[in-house]
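Here is the structure we will look at, set down as structure tokens.
The values are calculated or read from the model by the stated rules, or taken from the named source; none is laboratory data. None of these values were measured; they are calculated from a predicted model. Cβ placement follows ideal geometry from the backbone for every residue including glycine, while neighbour counts extend to all protein chains displayed. Surface accessibility is based on the protein's heavy atoms, side chains included, excluding ligands, DNA and RNA. Shrake-Rupley method; radii C 1.70, N 1.55, O 1.52, S 1.80 Å.
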Amino acid sequence: MIKIVTDSTADIPLSVREDYGIEMVPLKVHFGEETYLDAITIHPEQFYDKLSKAEQLPTTSQPSPVDFLDTYKKLSVDEDVEIISIHLSSALSGTYQSAVLAKSLLEDKANVTIIDSKSASYGLGLLVIAAAEAVKQGKNKAEIIRLVQDLRNGTKIYFVVDTLEYLKKGGRIGKASALLGSLLNIKPILTGNEAGEAAPLDKVRGHKKAMLRIIEMMKEDFAGKEIKVTVGHCKAQESADELSLMVKEHFQINDIKCIDIGPVIGTHVGPGTAAVFAHLA
């Protein structure tokens, strides 16, 4: 029996996790002295509401090794259980390392394979759902790991932030760059690179131009290929709908999923962010 484990930054809706039997270990979000469990005691709507009223930017923290250890032990009651644990990019968080340390504490008492998604949000979520679907199809552990690695290598993420304020507060860019960018209405477009880091792709002036530039990049990356697309957003449903329509206009895609980007990723990119997660069909 194979069990799939991930963390809350995968931004997989609860109903989907329940359908597939995906186990989720939450990261934490801290508003001053208040601590919340991502996707358990705080959800996107509550988070963005609190964020709009907060005087200081919240902080986030990874699960402890004990959090993972407890999960692995719970799932390993039956000796024939194999666990595939897929997590937020190790270049962005210590979550993956916590999982690795938890595995070492098991002392071979459970069969656990830990995978660095080298991605975030639904870039991670896609891998987790693909693994869970493969479990339902009866694929073995080696086949599932290979499938996840292939999908990881073939997935592209494009995201545009509405304001540079959150990247500045999080220490991702300098104060002067943020001020100049805001004055010029600069919308940076970012991606996840091969190392699993957030990397700049381009910067354009204005929301509409940013959306069009994402479509251009998608055409460059997937010219003539059949793709699947998910759109994500941080309290920006209008932007997500606009982006979905543009994707449908330029690609032969009828069904586009739309997901809320959760509190942990939202802390660092801010409300108004819109993202496209695309991979070969």
- Message: Among (1) touching a residue at least 60 places away in the same chain (Cβ under 8 Å); (2) within 25 Å of Ala54 (Cα to Cα), there is one condition Ala240 misses while meeting the rest; what is its number?
- Response: (1)
- Message: Can you say whether Lys235 is at pLDDT 90 or above, open to solvent by 30 Å² or more (accessible area, probe 1.4 Å) and either in contact with a Ser or Thr (Cβ under 7 Å, 6 or more places away or on another chain) or assigned to a helix (DSSP H, G or I) (or both), as far as the supplied structure shows?
- Response: no
- If we keep only residues of the stretch 15-31 that are outside any strand (DSSP E or B) and touching an Asp or Glu at 6+ places or on another chain (Cβ under 9 Å), then the residue surrounded by the fewest Cβ atoms within 10 Å (Cβ to Cβ) is Tyr20
- Note on the structure: Restricting the stretch 252-271 to residues that are open to solvent by 20 Å² or more (accessible area, probe 1.4 Å) and not in a helix (DSSP H, G or I), the one nearest to Ala120 (Cα to Cα) turns out to be Asp260
- Task: Mind listing just one residue for me: the one in the stretch 215-229 that is touching a residue at least 40 places away in the same chain (Cβ under 8 Å) and either over 11 Å from Lys156 (Cα atoms) or basic (Lys, Arg) (or both) and, of those, most open to solvent (accessible area, probe 1.4 Å)?
- Result: Glu226
- Task: Would you please name the residue that is surrounded by the fewest Cβ atoms within 10 Å (Cβ to Cβ), looking only at residues in the stretch 139-168 that are modelled with pLDDT under 90 and more than 20 Å from the chain's Cα centre (by Cα)?
- Result: Glu165
- Message: I'd like to verify a number: residues in the stretch 66-102 that are within 22 Å of Gly196 (Cα to Cα) and either open to solvent by 80 Å² or more (accessible area, probe 1.4 Å) or in a loop (DSSP other than H, G, I, E, B) (or both), how many?
- Response: 9
- Selected residue [part of a loop (DSSP other than H, G, I, E, B), at pLDDT below 95 and over 20 Å from the mean Cα position of the chain (by Cα)] from Lys225, Lys203: Lys225
- Message: So, Ile12, is that one within 16 Å of Glu133 (Cα to Cα) and either without any contact (Cβ under 8 Å) to a residue 12 or more places away in the chain or more than 18 Å from the chain's Cα centre (by Cα) (or both) or not?
- Response: no
- Message: If I ask for residues that are assigned to a loop (DSSP other than H, G, I, E, B), open to solvent by 50 Å² or more (accessible area, probe 1.4 Å) and at pLDDT 95 or above, which ones from the stretch 103-119 would you list?
- Response: Lys118
- The listed residue being at pLDDT below 95 and open to solvent by less than 20 Å² (accessible area, probe 1.4 Å), out of Pro63, Pro58: Pro58
- Message: Restricting to the stretch 15-49, name every residue that is in contact (Cβ under 8 Å) with a residue 40 or more places away in the chain and among the aliphatic types (A, V, I, L, M).
- Response: Val16, Ile22, Val25, Leu27, Val29, Ala39, Ile42
- Restricting attention to the stretch 35-47, does a residue exist that is open to solvent by less than 40 Å² (accessible area, probe 1.4 Å), in contact with a Gly (Cβ under 9 Å, 6 or more places away or on another chain) and assigned to a helix (DSSP H, G or I)? yes
- Scan the stretch 112-134 and give yes if some residue there is on the phi > 0 side of the Ramachandran plot and in contact with an Asp or Glu (Cβ under 6 Å, 6 or more places away or on another chain), otherwise no. yes
